[in-house]
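The values are calculated or read from the model by the stated rules, or taken from the named source; none is laboratory data. The structure presented is a predicted model; accordingly, all values stated were derived computationally and were not measured. Here Cβ is always computed from backbone atoms with ideal geometry, including for glycine, and neighbour counts include all displayed protein chains. Side chains are part of the model used for accessible areas, which takes the heavy atoms of the whole protein and leaves out ligands, DNA and RNA. Shrake-Rupley method; radii C 1.70, N 1.55, O 1.52, S 1.80 Å.
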Amino acid sequence: MSDLFDILLSVSFWAAAIRIASPLIFATMGELICERAGVLNLGIEGIMVIGAFAGWMAVYLGAPLWLGVTAAMAAGMLFGLLHATLTVPFGLSQHVVGLGVTMLATSTSYFAYRLALPEVTSPPKIAPFAPMDLPILSDIPFLGPVLFQQTALTWAALICAGLVGFVLFRTPLGLAVRAAGENPAAVEAQGLSVTGLRMGAVIVGSGLMAVGGSFLTLSAFSSFFFEMVNGRGWICIALVVFGAWRPGKAVLGALLFAAFDALQIRLQQTPLGAHLPYQVFLMAPYLLSILALILMSRRAEVPAALMVPYRKGER
Amino acid sequence: MTDPRDVVMRLDRITKRFGALTAIDAISLTLRRGDVVALLGENGAGKTTLMNILFGHYVADDGRVEVFGQPLPPGNPRAALAAGVGMVHQHFTLADNLTVLDNIRLGTESLFARGTSHAAARARVERLSRDFGLAVHPDARVGSLTVGERQRVEILKALYRDARILILDEPTAVLTPQEAEALFATLRRAIAQGLSILFISHKLHEVMAIADRCVVLRHGKVVGEVATAETSGAELAAMMVGGEIALPEARPATAGAVLMRLDGVTTPDKGAAPGLKRVTLDLRAGEIVGLAGVSGNGQAALADLISGLIVPASGQITLGAPPARWSPREAIRQGIARIPEDRHKTGTIADFTLTENAVLEGYWQPGFSKAGLMDWRAAEGFAEGIIAAYDVRCPGPGARIRLLSGGNMQKLILGRVLEPGPKIILANQPVRGLDVGAIAYVQSRLIAARDGGAAVLLISEDLDEIMGLADVIHVMSEGRLSPGFPRGSKTAAELGLWMAGQGFDHAA
C-alpha cells in the first residue's frame, strides 16, 4: 500500500502520465472532430502508424523536427482525404472504409520502411524533441518537472485540445460542423455544404491523428518500429465516447488512461510485481478504462447523425 | 393586370423526371408581393418535388425559376436563401441537440469569422419573435420543444435571413387547430409586412381560409388555377382527384360487448414521449373508438401497450380470456390486429418479399409451418389471396415490398391483419401519407370490419378523419385520456381545447 502512495507522490509518475497522454490527446481530438461532423473514423489506428512513420522518415532524411510533424500531418490528411471521399460523397460504410484505411496505412508504412531501409536490423535513431527548459517555471518544485520539462509537442497537444474546444463551441464553423453531425438536412437547408463540412472535418481530424502518431517517434521514442502504435488508436475511439464528445472531458479521459498506464509500469517493480504475472499489470489500464467507460458514458449524447451517410434530396 | 414589378417569383415550365416517371410536368406559376398562393394536390401530385426544386434540393430537368426578376441558379439552397426564399419543410430541418438560437444562426455568418456576436443575434431573434407572434425561448434545446414550437423556429430561421418569400410545406399537418390558428395569425402579419407566401396543403378548408389563389396539381401537371373567392371546397376537391371520390361515411353503429378494457393503466415515460397516466378505456364490439391528439402525447405508449410491446406498470388489461404474460405474441393470439404507425419501420421489412411480409406475424402458426419448417407454398397462397382480395398492385408475391407504393404496402398490411378475422383492430395512423383513393379504401375496410363485429381503435392526428369515422372520441394529452365523447357531441374547436390539455383538470 505504501508503495502505491510512493508512486502517486513521485514526480516521475505524473510527468510520465502527461507524456503518455500526449499522443492520445492529439488523436482523440482528431477523432472527436470527425465524429462531431457525423463520421466515425476507424482509420485512426493506421493513420497514427503512417504519422509515426512519415514524421520519423522526414527527420531521418534530414528535415528539422517541426517539418517532420508537418510531414506526418500531411500524410495523415492524405489518408483522411481517402477516407472522406469514400464515406462522404460516396456514402460507403464507415466501418468498412475505416478498417480498410487502417490496414492500408499500416501496411504502406511498413512497406515504405522496408523499401527505404532494406538492410537494417536494429531501428535507426533520430534526435527527438528535447524536454523544454524554461527559466524559473522549470525549476518550480514538483510542478516544474511535471509540467514544464515536457517536450514542446506535449504542450502542442494541450493547446490543440483547447483550440478544438474553442472552434467547436465558439465559432460559426464549429456550429456548422456540429450541426452536420446532428442533422445534415438542417445544414443543407441553411445553404451550407454537408459534403464540404464533413470532408473537411475528416481530413483535419486525420491530420491530428497522424501528429499523435508522430509524437511516438519524434518525442517519446527516437526510432520507428513495427507495432509501435499498438492499439492506441482504438483507445482514442473509446476516449471520445468516454469524453461524451467534449474536448475537455476527453483530455481528462486521456490523462486518466495514461495515469493508469504509468501506474502499472511502476507497480510491476514493487513487491506485488513478484507475486503477479506482469500481464495482469498490462491489462489493468484497459480494464479500468472499460469500467470508467461504462460509468461515464451511460448518459452521453451521441451526435444524432453519427455514421449516417447523407445523400442530398433523399428522405 | 397589376404592375409587373410586383412579381416576386415566376416559375416557367418546370419539369422534373425521376427515371421513367415525370414527377412534375411543365409547371408555371407566378407569385406577387403580398400574395398567398396555395399549391393543392394529392400525395404524389408533385407538390413537394416542386418545392425541393425551388429551394435547390433538386435540379429541374427543364424550365427556369426567377426570383425578383433574376434567374435562380439550380440546385443551390444557398442561392435560394440569398434571393430571399425561405422554406419551412414538412419534416423539420432542425438539429435537436442544438439550441434554438444555434439552429437559427447556423450558416448565417461567415464560417471563418472569429467568435460571434451572440447578443446581437439573440436580440434580433427576440425582436422577430415579438413582431411575428412566434413565442419561443432562444436558449431552449430544440429537442425539448413541442412540434408547434419547432415550426416557429423554422419560420424564425427564414425571417432571420430576411426572407421575402415563405414556402410552407404542409405546415398544419402536425398542429392542433389552435396552433394552426396561431400560425395563420403569424402568416397574416407576414403578409401585412409585404412577404409573399406559397402554401402547400391538401386540407381544403385551410386553403380556403388563407389563400388568395389556388393552383391545383394532379399527376405533376397544373390542372387549374382559381381565386379562392370564386370557388368552393367541393370544386377544388374534384379538381384534385379528377372526379368525385366519396369518402366512406360510417353509419352509426350499435355497440356490443366490451372486448378489451384498460383499467387505470400507467406505463413509464420513454425519453421525451410520455407514458400512459391512469388510462381507462373500453373497446366494444362493433364500435370505432377514435383517439385524437397531437402526436407525442402518449398515443405511442397506448399503441405499444395494445400491441403487446410494453406491459402496464400498474393497472390492468382485461380481455375476454385472461391473457397469459402480455407480449406481442399474446396480443396476436388474442386476436388483435395491429396496423402500425410507421409501415416502413415497424410494419414491413423492406427487402423481404410480399410473401415473407404477409406471414411476418403468423409464420409460427400451424397453417404456415410444419414441424418447425416453413410451408412456403401455404405462405405464398396466403399472400396471393391478399393481393387479389385487397387489390394490391404489385409484380407478384415474390417481389420485394420496397418496390410498392405506400398505399399498396398498407393494403398488404391490412390484408395480413384482417384476413384472420380479428376481434380487435388497432389502427394507428392507417391513412397517413396515402392518396384519396387509398384512404377511401382503407377506411371502408375498417368500417366493414366494425360492421362485422370487431372493436376498432383508430389513432390519428387528423381530427377530420377521427370525426368522420369514430363512434366515440377520446382525446389524449400528455399521457392522459379524456372521457369518451359520442359522435357529433363535440366540435373540432372543443376537441382542440382538450388536445391542448384543457379540461383534464376539471375532469380529474
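Per-structure values
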item	result
Subset of segment A:256-313 (residues that are among the basic types (Lys, Arg) and either within 14 Å of another protein chain (Cβ to nearest Cβ) or open to solvent by 90 Å² or more (accessible area, probe 1.4 Å) (or both))	A:Arg298, A:Arg299, A:Arg311, A:Lys312
Qualifying residue in segment B:117-127 (condition: in the same structural domain as B:Phe55 (by TED's automatic domain parsing) and in contact with a Ser or Thr (Cβ under 6 Å, 6 or more places away or on another chain))	no
Which numbered condition A:Tyr310 misses (of (1) assigned to a helix (DSSP H, G or I); (2) touching a Pro at 6+ places or on another chain (Cβ under 8 Å); (3) under 29 Å from A:Ser93 (Cβ atoms))	(1)
When residues of segment B:59-73 are limited to those that are in a strand (DSSP E or B) and open to solvent by 70 Å² or more (accessible area, probe 1.4 Å), the one nearest to B:Gly220 (Cα to Cα)	B:Asp62
Segment B:398-432 - residue that is open to solvent by less than 50 Å² (accessible area, probe 1.4 Å) and part of a loop (DSSP other than H, G, I, E, B) and, of those, nearest to B:Asn297 (Cα to Cα)	B:Gln429
Checking B:Gly86 against (1) at the interface with another protein chain (Cβ under 9 Å from one of its Cβ atoms); (2) surrounded by 22 or more Cβ atoms within 10 Å (Cβ to Cβ); (3) at pLDDT 90 or above, the condition it does not meet	(1)
Where B:Leu31 falls short, out of the listed (1) within 12 Å of chain A (Cβ to nearest Cβ); (2) touching a Ser or Thr at 6+ places or on another chain (Cβ under 8 Å); (3) touching a residue at least 40 places away in the same chain (Cβ under 8 Å)	(1)
Unmet requirement for B:Pro483, which otherwise passes all of (1) open to solvent by 40 Å² or more (accessible area, probe 1.4 Å); (2) modelled with pLDDT under 90; (3) closer than 22 Å to B:Ala303 by Cβ; (4) not aliphatic (A, V, I, L, M)	(2)
Exclusive hit being of a type in the set (Lys, Arg), surrounded by 14 or more Cβ atoms within 10 Å (Cβ to Cβ) and closer than 23 Å to B:Ala185 by Cβ, set B:Arg150, B:Arg141, B:Arg105	B:Arg150
Which numbered condition B:Pro74 misses (of (1) within 12 Å of chain A (Cβ to nearest Cβ); (2) under 30 Å from B:Asp6 (Cα atoms); (3) modelled with pLDDT under 90)	(1)
Filtered residues of segment A:166-204 (kept if facing chain B (nearest Cβ under 10 Å) and among the charged types (D, E, K, R))	A:Arg170, A:Arg178, A:Glu182, A:Glu188
Selection within segment B:294-325 - hydrophobic (A, V, I, L, M, F, W, C) and either more than 18 Å from B:Ile425 (Cβ to Cβ) or open to solvent by 40 Å² or more (accessible area, probe 1.4 Å) (or both)	B:Val294, B:Ala300, B:Ala301, B:Leu309, B:Ile310, B:Val311, B:Ala313, B:Ala321, B:Ala324
Members of segment B:74-113 found to be in contact (Cβ under 8 Å) with a residue 60 or more places away in the chain and in a loop (DSSP other than H, G, I, E, B), listed by number	B:Gly84, B:His89, B:Gln90, B:Phe92, B:Thr93, B:Leu94
Helices (runs of 4 or more DSSP H) contained in segment A:1-119 and holding at least 3 residues hydrophobic (A, V, I, L, M, F, W, C) and within 15 Å of the chain's Cα centre (by Cα)	A:11-36, A:44-60, A:65-87
Enumeration of residues in segment B:210-247 that are modelled with pLDDT under 85, out of contact with any Cys (no Cβ under 9 Å at 6 or more places or on another chain) and of a type in the set (A, V, I, L, M, F, W, C)	B:Ala234, B:Ala237, B:Ala238, B:Met240, B:Val241, B:Ile245, B:Ala246, B:Leu247
Matching residues in segment A:205-245 - criterion: being surrounded by fewer than 23 Cβ atoms within 10 Å (Cβ to Cβ) and out of contact with any Leu (no Cβ under 8 Å at 6 or more places or on another chain)	A:Ala220, A:Phe221, A:Ser222, A:Ser223, A:Phe225, A:Phe226, A:Glu227, A:Asn230, A:Gly231, A:Trp234, A:Ala244
Some residue of segment B:104-125 being under 23 Å from A:Ala180 (Cβ atoms), at the interface with another protein chain (Cβ under 8 Å from one of its Cβ atoms) and modelled with pLDDT of 90 or more	yes
Cβ-Cβ under 7 Å pairs, at least 6 apart or on other chains, segment B:250-272 side within 27 Å of B:Ala449 (Cα to Cα), far side modelled with pLDDT under 75 and in a loop (DSSP other than H, G, I, E, B)	B:Leu259/B:Gly320
Close pairs (7 angstrom Cβ cut-off, 6 or more residues apart or separate chains): within 14 Å of chain A (Cβ to nearest Cβ) in segment B:36-55, in a loop (DSSP other than H, G, I, E, B) and hydrophobic (A, V, I, L, M, F, W, C) anywhere	B:Asn43/B:Leu434; B:Ile53/B:Ala60
